[in-house]
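Coordinate-derived values only; no laboratory data. This is a predicted model, so every value here is computed, not measured. Here Cβ is always computed from backbone atoms with ideal geometry, including for glycine, and neighbour counts include all displayed protein chains.
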Ligand SMILES: Nc1ncnc2c1ncn2[C@@H]1O[C@H](COP(=O)(O)OP(=O)(O)OP(=O)(O)O)[C@@H](O)[C@H]1O
Ligand SMILES: [Mg+2]
């Protein structure tokens, strides 16, 4: 709660109004002229600014009007002399949120202030929601489907804890991204995220890789070497392909998970590390437990929390969204899909999940024909990219291709605006009202369409 900034040069008004507002439970700061008000706001923003338009040094209402934008995004309520209705309207035009005529009626003041405070509360809530949406994007885990939303929500909740997380899901569904997102959304974000590909490191080296070794502990150990666990101190250790971890290492990892202690190869005394464990596998770990190739006790230790990355065919709605995202990332030029390409993307199964989709879009966008208007990716380009077609003839001029949905919508919008303008005799206010737009919104559209 940042309170109210009261900008008025009359000491009696400052005192009385200030006391009245404080009596209502608000925190009030006062300023006696425009510069002081701006300085006070810059130092600490307010939820609401009550602004007298005629203040020193000029006592000029126009100078008062010019002050209004300085307090954005806080709502500004201007106070004007009783007869100054025109000035009040000018102030609203200049961005003021409301006005009060002086002498200010205390009851009216109370209502206006209550409304402004409610607005400030909503604005804060909105900013928070936007920040949350921002983190969802920052997570790098795109997808608007319910399972992806649920996954991001779980990540947000689990990230701040120390619980070990087990990420399960088919290949190419984003398990590594989940690990990254967990790390980035945790208080450990400033510390290292260290990935270990358990399947890619030979069994006999894995222990020394993870826990380090002392000089001379085995042939080739010419110097002390810290392990990845130590490198990850304070951060997150991502054990990818945990299902491939050899049995001897499983015991040692279990101990590390139990009390944070481990023994570098060749060392006599154990060391400790503060590391959060995230493990992942595309394998059926429960089946590995059942057939005895994965320790049951380790399995239960690892799955403090289980997060599942859903295969793409359980969230078909995400395909178009992800494809558009990868196309944007793949090229600097303006690029889009033809309607056939969109249909092709939606109708295909994606056994390789997001990884396959991404590779297909990147390849197709590199192959697709380039024209003055940008890159147009067609179904043929995509089919070729996944090895299901021959290289399409890329000479077809894009004007021959069917319109995209965007082009269709733009044309429809233009038509409706032109019709409405004709009906209203080019009256912008009436046209805007008919189209459910603000006047400014309409004017912006007209500018963009070259219709003004
Ligand atoms: N939701 C998503 N949003 C954006 N990109 C994604 C998403 N999911 C996956 N990707 C991308 O798809 C590719 C595969 O993701 P990732 O490597 O995380 O898969 P994985 O589940 O670890 O697969 P594997 O089991 O084969 O290791 C990466 O390029 C990743 O950036
Ligand atoms: Mg992976």
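Here each label is just a point 7 Å from Cα along the line to Cβ, and for residue 38 and residue 346 those points are 5.4 nm apart. For the stretch 406-449, the Cα-based Rg and Dmax, in that order, read 9.8, 29 Å.
Would you mind calculating the relative contact order of the chain from Cα pairs under 8 angstrom and at least 6 residues apart, reporting the percent as a whole number?
Values: 687 pairs, mean separation 45.6, N = 452.
It rounds to 10 percent for the chain.
Normalised by the number of residues in the stretch 4-126, what is the relative contact order in percent for Cα pairs under 8 Å and 6+ residues apart?
It comes to 21 percent, rounded to a whole number.
Per residue, the convex hull around the alpha carbon atoms of the chain comes to 253 Å³.
Axis angle, to the nearest 10 degrees, between helix 439-449 and the longest C-alpha principal axis of the chain: 60 degrees. If you fit an axis through the alpha-carbon atoms of helix 11-23 and take the longest principal axis of the Cα set of the chain, what angle between them do you get, 0 to 90°, nearest 10? Once rounded, the angle reads 50 degrees. Each of 294, 218 was scored by other Cβ atoms within 10 Å of its Cβ. Arranged with the fewest first, they read 218, 294. So what is the diffusion coefficient of the stretch 313-402 in µm² per second by Stokes-Einstein at 25 °C and 0.890 mPa s, using a Kirkwood Rh over Cα pairs? Approximately 189 µm²/s, per Stokes-Einstein. What's the extension gain from residue 102 to residue 59 if we count 0.36 nm per residue and subtract their Cα-Cα distance? Extra length from residue 102 to residue 59 when fully extended: 14.0 nm.
Could you give the nm distance between label points at residue 89 and residue 334, where each point is 7 Å from its Cα heading toward the beta carbon? Distance between label points: 4.2 nm.
Work out the FRET efficiency for residue 197 and residue 325 from their Cβ-Cβ distance, taking R0 = 22 Å, and round it to the nearest 0.05. Calculated value: 0.25. Starting from the Cα of residue 255, move 7 Å in the Cα-to-Cβ direction to define the label point; list residues of the stretch 203-239 whose amide nitrogen is under 19 Å from there. Once the point is set 7 Å along Cα→Cβ of residue 255, 203-215, 217-218, 225-231 turn out to lie under 19 Å by backbone N, inside the stretch 203-239. The percentage of C-alpha pairs in the stretch 4-126 whose separation is greater than 18 Å is 46%.
With both bridge residues required to lie in the chain, what share of the DSSP beta bridges run antiparallel, to the nearest 5%? Can you show the working numbers first?
Numbers: 6 of 44 bridges.
Restricted to the chain, the bridges split so that about 15 percent are antiparallel.
On full extension, the segment bounded by residue 27 and residue 115 gains 30.1 nm, given 0.36 nm per residue less the C-alpha separation.
Taking label positions 7 Å along the Cα-Cβ direction at both residue 433 and residue 267, the computed distance is 7.8 nm, reported to one decimal. Shown for 207, 434: other C-beta atoms within 10 Å of each C-beta, ranked fewest to most, produce the order 434, 207. For the chain, the longest principal axis of the C-alpha atoms and the axis of helix 106-138 are separated by about 20°.
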